[in-house]
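The values are calculated or read from the model by the stated rules, or taken from the named source; none is laboratory data. Note that this is a predicted model, so its numbers are computed, not measured. Cβ coordinates were reconstructed from backbone atoms using ideal geometry, including for glycine residues, and neighbour counts include every protein chain displayed.
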Amino acid sequence: MTFTGSAALRERLTAVCASPYLLLCSDYDGTLAPIAASPDAARLGAESATLLTTLAHATNVRVAIISGRPLHDLQRHSRLEPPVLLVGSHGAESSHTAAALTATQQSGLTRLREHVAAMCAGVTGSWVEDKPLGVAVHVRQADPRAADALLAALQHGPATWPGVYATPGKAVMDLSISARNKGHAIEQLRSDWGTEPTVLYLGDDVTDEAAFRVLGPTDVGVKVGTGDSCASHRIASDAEIPALLAFVHACRVAGSVESR
Ligand SMILES: [Mg+2]
């Protein structure tokens, strides 16, 4: 399997793999697992799962999957196990830390759930995913105009409430009582490690921009697919991810890269 990314990207990946400590972070849906009509149908390929697990076992390498999915859902779907680190709810839940809600947060969460459920009730094809710290409203299967109207109503309604943090995605609006984003997740992973790792981040969605923004000049961000991005590099689609991971594996673990 040959990675056909640009020469510039291959050069940067090779440099990242030569750093003393490597933190490989990736989004899940649309990056590791192809987007499916329903989140339940999205699956991580066996090839990528094996490469991620092997890399996570390598010396001075950490691998973290950072997703908007609730942590339990990410664990169930990806079937990835330690030492692969899993971070859910855009960084608000991780497999290595836990958080408790205050009474104010709990009542705010209940109000948010009830209000959003009522707003979505009349929109065919929309559905509300309950998450530990909020809700995600999915409109992928709704009529496009009704979907846009619902997303706008959420943006001008609950998204403006004090203590509610909105994260728009592709055909989804995430409303959370946690201000954590994927950039915070990376900063947390860096500080948990207690080293200064070089970060490689892979992501396809607007929520991944928070991660790309915290990357430094020696880190590498790879935007998957189309859309504006502040990532330093881009690949055409998630179909290239297994080959990219194989390239990183060859550089870092096998210590060799195909010359093509
Ligand atoms: Mg994604």
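Points to keep in mind about this one:
- Selection status of THR160, within 23 Å of ARG12 (Cβ to Cβ) and over 15 Å from the mean Cα position of the chain (by Cα): no
- Inter-residue pairs, beta-carbon under 9 Å, first within 14 Å of GLY169 (Cα to Cα) and in segment 25-41, second of a type in the set (D, E, K, R) and in a strand (DSSP E or B), 6+ apart: ILE35/ASP29; PRO39/ASP29; PRO39/GLU129
- Segment 156-175: number of residues that are more than 14 Å from HIS90 (Cβ to Cβ) and small (Gly, Ala, Ser): 4
- Flag for VAL222 being more than 15 Å from the ligand (Cβ to nearest atom), buried (at least 21 other Cβ atoms within 10 Å of the Cβ), touching a residue at least 12 places away in the same chain (Cβ under 8 Å) and of a type in the set (Val, Ile, Thr): no
- Scope segment 192-219; condition away from the ligand (no atom under 16 Å from the Cβ) and part of a loop (DSSP other than H, G, I, E, B); matching residues: GLY194, THR195, GLU196, PRO197, VAL214, LEU215, GLY216, PRO217, THR218, ASP219
- All positions within segment 112-133 that are more than 23 Å from the chain's Cα centre (by Cα), part of a loop (DSSP other than H, G, I, E, B), surrounded by 17 or more Cβ atoms within 10 Å (Cβ to Cβ) and not aliphatic (A, V, I, L, M): none
- Some residue of segment 204-213 being assigned by TED's automatic domain parsing to the domain that holds LEU133, touching a His at 6+ places or on another chain (Cβ under 7 Å) and either surrounded by 23 or more Cβ atoms within 10 Å (Cβ to Cβ) or closer than 23 Å to PRO39 by Cα (or both): no
- Of the residues LEU101, LEU51, the single one that is more than 16 Å from the chain's Cα centre (by Cα), buried (at least 21 other Cβ atoms within 10 Å of the Cβ) and either assigned by TED's automatic domain parsing to the domain that holds LEU200 or in contact (Cβ under 8 Å) with a residue 40 or more places away in the chain (or both) is LEU51.
- Yes/no for ASP228 being outside any strand (DSSP E or B), within 17 Å of the chain's Cα centre (by Cα) and surrounded by fewer than 19 Cβ atoms within 10 Å (Cβ to Cβ): yes
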